[in-house]
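The values are calculated or read from the model by the stated rules, or taken from the named source; none is laboratory data. Please read all numbers here as calculations on a predicted model, not as lab measurements. So basically every Cβ, Gly included, is an ideal-geometry build from the backbone, and we count neighbours across all protein chains shown.
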Amino acid sequence: MLKSSYLKIGILIIIGNIVIAIGWWWFFNVINTEKDKILTTRTELETVENKINNLKHLESILEGVSEESLLVNNAFVDEKNIVSIIKKLEQVADISGVRLEVSGASLPKEKKDGGPNFILNVGGDFDEVYRFVTLLEKVSYQVLFDKIYIYKTDSKKEDAPPWQAQIEIRVLSYIF
């Protein structure tokens, strides 16, 4: 009987050890599964972070391109925004301090005629008239001077400018 009780205890110890071994094996298997899930999630998170960083970088590039695109688009004019040229002429006149009169304007009939033609009468002191011509060369539109005639006026009127200029320009950056 002593022998059978030792045998029963031995079998119980072996069964207990097997249950503990199976428990440990299951526990480490669950840990490894969770570890794999965590690694997969980290990899996906890194991928998403890289995509977000790439999108931010792309946005900054596109902002730079859109600013440059706006500058390029502002350098050209078509029939729809021809008034912007006259506004730009008025701005240049205000900056240089001259009186400006647009006495004539014509749109080209054919592409070979170039861009729109403007006839400008400008009045002011000599340095103001000269500054106007110089600033007109630097506007965002490509401008061709067909004629510049600067002369001193002999007018006795008080409000008459001492110098005047007749300027004919052609805007070459015109889109047909």
For region 122-165, how many residues meet the condition of being without any contact (Cβ under 8 Å) to a residue 12 or more places away in the chain, assigned to a loop (DSSP other than H, G, I, E, B) and closer than 16 Å to ALA93 by Cβ? 1
Between GLU63, GLU49, which is more than 30 Å from LYS138 (Cβ to Cβ) and surrounded by 10 or more Cβ atoms within 10 Å (Cβ to Cβ)? GLU49
Mind checking whether some residue in region 57-76 is in contact (Cβ under 8 Å) with a residue 12 or more places away in the chain and assigned to a strand (DSSP E or B)? no
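From GLU90, GLU101, GLU79, which residue is exposed (fewer than 15 other Cβ atoms within 10 Å of the Cβ), modelled with pLDDT of 90 or more and more than 18 Å from ALA160 (Cβ to Cβ)? I'd like the intermediate steps shown before the answer.
Values: GLU101 fails: more than 18 Å from ALA160 (Cβ to Cβ); GLU79 fails: modelled with pLDDT of 90 or more.
The unique qualifying residue is GLU90.
In this structure, does GLY115 turn out to be surrounded by 10 or more Cβ atoms within 10 Å (Cβ to Cβ) and either of a type in the set (S, T, N, Q) or at pLDDT below 90 (or both)?
On the way: surrounded by 10 or more Cβ atoms within 10 Å (Cβ to Cβ): yes; either of a type in the set (S, T, N, Q) or at pLDDT below 90 (or both): yes.
The answer is yes for GLY115.
Which of the following residues is at pLDDT 90 or above and more than 30 Å from ALA105 (Cα to Cα): LEU12, LEU45?
None of the others qualify; the one that does is LEU45.
Per-residue answers, yes or no, for (1) crowded, with 17+ Cβ neighbours inside 10 Å; (2) closer than 15 Å to ILE85 by Cβ; (3) among the hydroxyl-bearing types (Ser, Thr, Tyr):
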residue	(1), (2), (3)
ASN121	no, no, no
THR153	no, no, yes
LYS157	no, no, no
PRO162	no, no, no
ALA165	yes, no, no
On the basis of being in contact with a helix residue (DSSP H, G or I) (Cβ under 9 Å, 6 or more places away or on another chain) and at pLDDT 85 or above, does LEU107 make the cut? no
Number of the condition not met by VAL92 [criteria: (1) touching a Ser or Thr at 6+ places or on another chain (Cβ under 6 Å); (2) within 22 Å of LEU70 (Cβ to Cβ)]: (1)
Failed condition for GLU110, given (1) out of contact with any Phe, Trp or Tyr (no Cβ under 9 Å at 6 or more places or on another chain); (2) loosely packed, with under 10 Cβ neighbours inside 10 Å, with all others met? (1)
